[in-house]
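Here is the structure we will look at.
Bear in mind these aren't lab numbers, they're just calculated from the coordinates by the rules spelled out. Please read all numbers here as calculations on a predicted model, not as lab measurements. Virtual Cβ from ideal backbone geometry, glycine too; neighbours counted across all protein chains shown.
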Amino acid sequence: MRRRDFINAIAVSAAGWTLAAHAQQSERMRRIGVLAPANREGPIRQGLRELGYVEGRNTLIEYPRC
């Protein structure tokens with residue numbers, strides 16, 4: 001194998017690898033702080049699900065520690 005062919009093969013594989021890495025990035029995680037009584041968390045979660053948010057995948061719901 002000639003040197004030029006070898007360098008070309010490395011460059012092509014590196015370019016493809018960077019494109020694949022960009023394609024695998026996940027959705028941004030949104031953090032939601034809830035300041036409501038414990039019995040009110042059901043409607044909040046249901047409303048978020050209706051909007052397409054999935055807890056643990058693209059949202060993190062935090063409650064204050066008492």
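Please list the non-local residues whose amide H lies under 5 Å from the amide H of ILE61, H modeled 1.01 Å from N, same-chain partners needing a gap of 5 or more.
Under 5 Å from the amide H of ILE61 lie the amide H atoms of ILE32, GLY56, each far enough along the sequence or on another chain.
ALA9: net charge of surrounding residues, Cβ under 13 Å, Lys/Arg +1, Asp/Glu -1, itself excluded?
Combined, the nearby Lys, Arg, Asp and Glu give +2.
In nm, what is the difference between 0.36 nm times the number of residues separating VAL12 and LEU60 and their Cα-Cα distance?
13.4 nm
Compute the signed sum of charges (Lys and Arg +1, Asp and Glu -1) over the other residues within less than 14 Å, Cβ to Cβ, of GLU55.
For residues surrounding GLU55, the net value is +1.
Can you compute 3J(HN,Hα) from phi for each residue in segment 28-34, using the Karplus curve 6.51 cos²θ - 1.76 cosθ + 1.60 with θ = phi - 60°, rounded to whole Hz and x for Gly and Pro?
Those phi angles translate into 5, 7, 9, 10, 10, x, 10 Hz.
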